[in-house]
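Since every read-out is calculated from the coordinates, none of them should be taken as a lab result. Since the model is a prediction, treat every value here as computed from it, not as a measurement. Using ideal geometry, Cβ is built from the backbone for each residue, glycine included, and neighbour counts are taken over all protein chains shown.
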Amino acid sequence: MTDATLDGSGGVASRGAVGKGLQGLIPALLLALGLVVFWEVVIRLFSVPTFVLPAPTAIFASLVVHWKPLLVAAKATALEVLFGFVLSAVVGIAVALVIVRFERFGRALYPLIVLFQNVPKVALAPIFILWFGYDLAPKILLIVVIAFFPVAIDMLAGLQSVEPSFISLMRSVGASQGKIMMRVRIPHSLPHLMAGLKVAITFSVIGAIVGEFAGANQGLGYVIQFASTQLDTPLIFAALIVVSVLGLAFYYIIEFAEHVLVPWAPKFDPIHSAG
Amino acid sequence: MNVRVMTAAARNAAFAAEKSAPAHIAARGVAVDFTVEGRRQRVLNEINLAVPKGSFVSLIGPSGCGKSTLLKVMAGLVAPTEGEMTVAGMTPQQAVKARLIGLVFQEATLLPWKNALENAAFLLMTADDSIKKSDAFDRAAAMLRLVGLEDADKKRPNQLSGGMRQRVAIARALALDPEVLLMDEPFGALDAITREEMSDCLLDIWERTHKTIVLVTHSIDEAVFLSREVHVMGTGPARIIETLPITLPHPRTEDSYSAPAFAAAEARLRSLLIESHKRGRR
């Protein structure tokens with residue numbers, strides 16, 4: 001009877017947790033502010049040319065001047081990320097389910113997927129452009145080949161890590177494999193799946209930018225490449241900031257979904273993970 | 001207390017009749033081979049066993065003596081390589097289909113996303129697709145009352161203590177209304193005081209529900225306190241080395257631990273186990 005109330009406060013304190021989370025951000029924000037000030041001072045002190053490394057103020061100015069085209073570009077990139085991510089999730093989940101459900105086929109498929117994972121995906125971008133042109137399709141495809149893997153692997157780990165005694169219990173009441181899958185394995189795998197989705201969403205942003213580098217006429221990757229041909233370094237950095245904000249927003253949407261969908265998932269604390 | 005004495009007396013009379021009745025669980029020459037890394041290994045050998053209906057029987061022995069495997073054979077989870085196992089006159093697989101078997105493991109294995117009531121109803125709803133949700137929940141709630149958890153039905157597993165989780169697991173097995181309750185070291189992960197509490201709880205359940213119970217345990221005290229009969233198992237090759245009837249009178253209470261019959265059975269079991277351990281090392 002020792003561990004009765006350890007996790008008992010989860011539901012009640014969720015509003016307080018948000019406030020506490022924001023409060024927890026203060027040290028990070030202070031550190032960021034300090035770094036930005038240091039950056040500004042160094043640029044001014046040593047008169048570093050803007051095309052090499054722009055000062056934070058110059059980047060901010062560029063952000064203000066170019067806000068409209070940046071917003072349009074962000075919209076295009078966000079669309080690619082969204083489609084690519086959703087498709088990655090679908091493919092990743094399907095691959096994991098197929099491997100578990102059809103064991104023999106899974107044994108054949110799994111090594112091929114791992115092998116494919118070792119192909120440098122970035123190098124595929126020109127081929128996809130060649131096949132599908134400059135539109136949405138090649139970017140989505142690139143995102144899928146980059147981002148389905150973490151989804152598949154984490155989902156697979158979740159499906160396989162069900163305690164054997166659970167399977168025994170289900171079998172002791174004559175439950176079919178399908179029932180065991182639907183009622184125990186899949187729900188059990190959801191926290192693992194969410195972890196995979198968090199990795200996949202960051203990979204999706206990378207995939208979209210790389211896809212746009214390889215050939216595009218819109219999107220943040222395109223803006224970055226265009227700005228670099230003009231030596232407009234402040235615009236490059238401005239676009240990078242927008243990319244980061246976009247990625248962060250997507251990440252926290254997934255995190256929120258996890259909070260809502262799998263409230264029983266163990267909370268991950270990167271600093272105190274061992275404690 | 002009076003009621004309990006009466007039921008105990010009735011049960012003692014019933015047991016006299018049981019001796020002649022056919023066994024509820026019977027093993028005849030059961031052997032099990034496992035293939036480990038390509039090598040066949042005999043994990044159970046020549047098991048002959050008869051558990052009367054409504055009895056409480058313990059399997060005790062050192063690690064690796066195959067007591068858990070024997071329980072799995074009874075539950076239809078492992079098929080015997082040789083011999084025959086019957087539960088209520090059927091094969092274990094048929095007994096599973098007829099929902100005669102309830103299982104409890106060392107880990108409570110509760111679904112973390114369901115509360116105690118939903119967990120207690122879970123196997124029943126899995127076993128019986130046609131059951132109404134409200135009926136299953138009513139039955140689960142009744143079983144939670146039986147194990148003394150009526151106030152915790154809305155709690156999630158991570159809000160329950162180890163002993164409470166194990167009570168939910170027992171309620172979940174009882175909700176199936178099985179004839180046979182198979183328990184694999186159900187209190188093995190609990191602290192000493194909680195163990196004794198759970199032993200009382202289990203004895204109480206047995207006296208009220210008339211289930212046939214087979215308990216796998218490491219604990220000599222637990223085996224003596226709970227059982228009508230203890231099968232002592234040994235290794236190399238794993239088998240039953242002796243069957244010891246426990247004559248400790250019912251009803252068994254805290255005082256039973258200090259009864260002479262308790263001490264005698266305990267001493268006998270201990271010497272058998274020490275012998276079995278020594279032989280296992282050789």
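Per-structure values
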| read-out | value |
| --- | --- |
| Per-residue [θ]222 nm for the protein assembly as shown (sum of -39500 (n - 2.57) over DSSP H runs n ≥ 4, rounded to 500) | -19500 deg cm²/dmol |
| Calculated P(r) of the protein assembly as shown - Cα pairs past 36 Å, % | 51 percent |
| Sequence of A:Val144, A:Val262 once ranked by neighbouring C-beta atoms within 10 Å, starting from the fewest | A:Val262, A:Val144 |
| Principal-axis tilt of helix A:136-160 within chain A, Cα atoms, nearest 10 degrees | 40 degrees |
| Förster radius 56 Å - calculated FRET efficiency between A:Gln23 and B:Val36 (Cβ-Cβ, nearest 0.05) | 0.55 |
| DSSP beta bridges in the protein assembly as shown [antiparallel fraction, %, rounded to 5] | 55 percent |
| B:Glu242 versus A:Ala94: modelled label distance in nm, points set 7 Å from Cα along the beta carbon direction | 6.5 nm |
| Length gained when the stretch B:Lys97-B:Ala142 is fully extended (0.36 nm per residue, less Cα-Cα span) | 13.8 nm |
| The protein assembly as shown - charge dipole about Cα centre, Lys and Arg +1 at Cβ, Asp and Glu -1, debye rounded to 20 | 780 debye |
| Chain B: most fluctuating residue of B:Ile101, B:Ile240, B:Ile193 per GNM, C-alpha cutoff 10 Å | B:Ile193 |
| Residue-averaged beta-carbon neighbours from other chains (10 angstrom radius) around A:163-169 | 6 |
| For chain B, diffusion coefficient by Stokes-Einstein and Kirkwood Rh (Cα), 37 °C, 0.692 mPa s, µm²/s | 169 µm²/s |
| Formal net charge of residues neighbouring B:Ala141 (Cβ-Cβ distance under 13 Å; K, R +1; D, E -1) | -1 |
| Choice from B:Ala136, B:Ala192, B:Ala264 showing the highest fluctuation, given a GNM over chain B with Cα pairs closer than 10 Å | B:Ala192 |
| Phi-based couplings in Hz for the range A:73-79 (Karplus 6.51, -1.76, 1.60; Gly and Pro marked x) | 5, 4, 4, 4, 5, 4, 4 |
| Among B:Pro249, B:Pro260, B:Pro80, residue whose mean-square fluctuation peaks in a GNM of chain B (springs only between Cα atoms under 10 Å) | B:Pro260 |
| Highest-first arrangement of A:238-245, A:55-62, where packing means the average Cβ count within 10 Å | A:238-245, A:55-62 |
| Using a Förster distance of 25 Å, the FRET efficiency for A:Phe102-A:Leu261 (Cβ separation, nearest 0.05) | 0.40 |
| Inter-chain Cβ neighbour average for residues B:96-103, partner chain, 10 Å | 3 |
| Shielding score for B:105-118, defined as the mean number of other chain Cβ atoms within 10 Å | 3 |
| The range B:111-177: C-alpha gyration tensor shape, a/c 1.5 cut-off, then a/b vs b/c | prolate |
| Folded to 0 to 90 degrees: helix A:103-117 orientation relative to chain A principal axis, Cα | 20 degrees |
| Cα gyration tensor shape for chain A, rounded if a/c is under 1.5, else prolate or oblate | oblate |
| Lys/Arg +1, Asp/Glu -1 at C-beta; chain A dipole; positive extreme among A:Met181, A:Ala74, A:Val145 | A:Met181 |
| Farthest toward positive dipole pole in the range B:111-177 [+1 Lys/Arg, -1 Asp/Glu at C-beta], among B:Ala136, B:Leu124, B:Gln166 | B:Gln166 |
| Inter-site label distance for A:Val122 and B:His277 at 7 Å from Cα along Cβ, in nm | 6.2 nm |
| Note, ³J(HN,Hα) from phi for the range B:38-51, Karplus 6.51, -1.76, 1.60, rounded to Hz, x at Gly and Pro | x, 9, 6, 10, 8, 9, 9, 9, 6, 8, 10, 7, 9, 10 |
| Counting DSSP beta bridges with both ends in chain B, the antiparallel % (nearest 5) | 55 percent |
| Cα-projected label distance for A:Trp67 with A:Ile113, points at 7 Å along beta-carbon direction, nm | 4.5 nm |
